[in-house]
1. All but one of (1) at pLDDT below 90; (2) more than 14 Å from chain A (Cβ to nearest Cβ); (3) more than 24 Å from the chain's Cα centre (by Cα) hold for residue B:140; which doesn't?
2. Take residue B:127 and decide whether it is more than 22 Å from residue B:294 (Cβ to Cβ) and surrounded by fewer than 22 Cβ atoms within 10 Å (Cβ to Cβ).
3. Being without any contact (Cβ under 8 Å) to a residue 12 or more places away in the chain and surrounded by 17 or more Cβ atoms within 10 Å (Cβ to Cβ) is the requirement here; does residue B:97 meet it?
4. Would you confirm whether or not the stretch B:278-297 contains a residue that is buried (at least 18 other Cβ atoms within 10 Å of the Cβ), more than 14 Å from every other protein chain (Cβ to nearest Cβ) and touching a strand residue (DSSP E or B) at 6+ places or on another chain (Cβ under 9 Å)?
5. I'd like to check something: does the stretch B:109-126 contain any residue that is assigned to a helix (DSSP H, G or I) and either in contact with a strand residue (DSSP E or B) (Cβ under 6 Å, 6 or more places away or on another chain) or modelled with pLDDT under 90 (or both)?
6. Select from the stretch B:139-159 the residues that are buried (at least 19 other Cβ atoms within 10 Å of the Cβ) and part of a helix (DSSP H, G or I) and list them in ascending order.
7. Given the criterion more than 22 Å from the chain's Cα centre (by Cα) and within 14 Å of chain A (Cβ to nearest Cβ), identify the matching residue among B:77, B:134, B:90.
8. Could you list, in sequence order, all residues of the stretch B:20-51 that are more than 26 Å from the chain's Cα centre (by Cα) and either loosely packed, with under 12 Cβ neighbours inside 10 Å or farther than 17 Å from residue B:122 by Cα (or both)?
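The values are calculated or read from the model by the stated rules, or taken from the named source; none is laboratory data. Quick caveat, the model's predicted, so the values are computed rather than measured. We place every Cβ from the backbone using ideal geometry, glycine too, and count neighbours over all the protein chains shown.
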């Protein structure tokens, strides 16, 4: 029984992580992780600035069809 | 053993379903056959045809580094989980097109549209999306325009850009009219669609300033508010003074949509466009899943005949014979050149492995094609008389309900004015006659399917939910299209005077946005001021004119007289 519960718990965590990633909810966390691993020591944007930049970039070009 | 039998089994089942659809005459067939035929065809094509193209034609190489890996910068280029890329890609390609197109094409009967959606999707649209995605991935995720310039030279590049702008203008104008027709003289629909704007703005503020970047939280809140707006519209419809205020005619609403389009093109994206895009994506996925479950569970019978007499071009909804009009009406859902713009530039920057190209390019389009099949089912489960009463303009069938009902019955689709009156009452509308454009009849179809699951008492809510959902979709496409057109126009004008090319220079923004709107005006005038249509005939947009006493079809050339 505990194995099943643990399995459900794992599945729940991974689906939740996927949902956050699809919707872009965790974009800032991933940005911080990327900065920490690839550009350590450099200044990072704060949450608000990051999302402003992200939106501007997304809507610069063609981003959707009919 | 079981494994060996799986694919032959799918093939036999698919062939059985397709032949049932194609050969049934006279007796009513079940919507489940449509879903079965579609699912079997897509899975066979995905497993064999797409795999063959990927391996033999494109020679996809799973060990080759993608642009996302080579140019990874943490924001634009970023290797991403393939399901996440699939979600983004699907959300970008599937808008209102696959819902509205099949609904209109149902005037030819269910057969031509359904066959074109399945065959066109499997052999055309899916292949196109996959191949462009591949080409762009191999060329550092360049956009279609850049690739055209590189491969065809500056003239070819400019031609590709001009073609894109033209398609977009037609798209914006047609979609704008769909919203107008759904709202005219309907206080409930107008109030609900109107309420989506402040809701989107509030969510925009919420995600920017109150809780920056909390996308899931903000979207959930927005969806709840939108559902409340649907119910609130019903309350406004019940109150006399308020419903008079929201009861507007087509021309006024068309002006409002134009004014709104202009405002949306120059407002910052975070305020309106971006939050509404989040909301429409959530609504879209929810509604599509709900519709699929409802169709499979209820297995409604198809009431539309396989072919109608209107394949000769005498149809009331749009003039034009089966060829080429079934192919023009259903673009998104079968094959859409616009997808090439999404598949190049945007999606390849996220691709973690070339192996995923088949699933994202081919699979994403197959899913959109499936959405189109469901829209076709939703249109064809309506009584044909009801379908034609909703979609035929008053200029063809007459303004009075009795007159229109008699005219439609004379075509062999029996319908009575009382039946339509009762249906309109159930849907919370004053009338359903001549609500052209495709959105209202899809909404009636969806409401009647959902109504059978959740009870008839909620029909009016479901109807207006469907209208709101389509309007949110369409307005998002309208905004994004206007904005993209603005960028493209600025890009082109920037070659003449560099200052105009600066996307942050306010006079240039206003000028180019206004120019886009001016083009939109032509279409509205073509619709509502018939005398203009001789001066600005544009190919492909061939709605019947509401005033036309004759059955003349507006073609891409001037009409004598």
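1. Result: residue B:140 fails condition (1) only.
2. Numbers: more than 22 Å from residue B:294 (Cβ to Cβ): yes; surrounded by fewer than 22 Cβ atoms within 10 Å (Cβ to Cβ): yes.
So residue B:127 passes the test.
3. no
4. The answer is no; no qualifying residue exists.
5. First, pick out the residues of the stretch B:109-126 that are assigned to a helix (DSSP H, G or I): B:110-126.
Filter again for either in contact with a strand residue (DSSP E or B) (Cβ under 6 Å, 6 or more places away or on another chain) or modelled with pLDDT under 90 (or both), leaving none.
Scanning the stretch B:109-126, I find no residue that is assigned to a helix (DSSP H, G or I) and either in contact with a strand residue (DSSP E or B) (Cβ under 6 Å, 6 or more places away or on another chain) or modelled with pLDDT under 90 (or both), so the answer is no.
6. Hits for the stretch B:139-159 are B:144, B:145, B:147, B:148.
7. Details: B:134 fails: within 14 Å of chain A (Cβ to nearest Cβ); B:90 fails: more than 22 Å from the chain's Cα centre (by Cα).
Only one candidate qualifies: B:77.
8. B:20, B:23, B:24, B:25, B:26, B:27, B:28, B:29
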